Amino acid sequence: MNIRAKFTSIFAAACMLVFWNLPAFSRPSHPPQDQTSQTQSGQTGEKQKVEPGSGKEIGKGGEDIGKGAGKGAESLGKGTAEGAGNLVTLHPGKAGADLGKGAGGAAKDIGVGTGKGAAKISKGSAKGIGRLGKKIVGKGNKNKQEPDAAK
């Protein structure tokens, strides 16, 4: 098998890897809107730490997955371009090394982005399920006042 056929098969496999991961590049048509929740407390002078909502957390997870896929595609493209340049200048050893380096960088970037994104998505999903459970049980309403038994 000559070098050109090897390069073609490796390039085709790399392209398939990128196109199979296209759902990671997709973005929602309606991005989640900022939800600012303000709670009243007895101390109005102190700033309260507001945690992001479950929807925002899930959105950030999707963003991380997209960033990882983008960086991976960039790394794969750079490795492929360097490999093609070395192949044209008759350096097949360097071409294979550059292509392998690009594919390895792509795998690393996609793996890191997917891991971070999946962690944020699961955290946001757990928040949403927890809030739903509190609403079902009836413990979610903070403004509810206890009726006086003395009356």
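The values are calculated or read from the model by the stated rules, or taken from the named source; none is laboratory data. Small disclaimer: the values here were computed from a predicted structure and weren't measured. Counting neighbours? That spans all protein chains shown, and the Cβs are built from the backbone with ideal geometry, glycine included.
Observations on the model:
- Residue check, ALA119 part of a helix (DSSP H, G or I) and surrounded by fewer than 17 Cβ atoms within 10 Å (Cβ to Cβ): yes
- The requirement of being within 14 Å of the chain's Cα centre (by Cα) and farther than 30 Å from ARG4 by Cα is satisfied by ILE65.
- Scanning segment 127-140 for residues that are touching a helix residue (DSSP H, G or I) at 6+ places or on another chain (Cβ under 8 Å) and free of Cβ contacts under 8 Å to residues at least 40 places away in the same chain yields a single hit, GLY140.
- Residue list for segment 45-79, filter: surrounded by fewer than 16 Cβ atoms within 10 Å (Cβ to Cβ) and assigned to a helix (DSSP H, G or I): GLY55, GLY70, GLU74, GLY77, LYS78
- Segment 1-24, subset farther than 21 Å from ILE110 by Cα and either in contact with a Ser or Thr (Cβ under 8 Å, 6 or more places away or on another chain) or not in a helix (DSSP H, G or I) (or both), residue modelled with the highest pLDDT: ASN2
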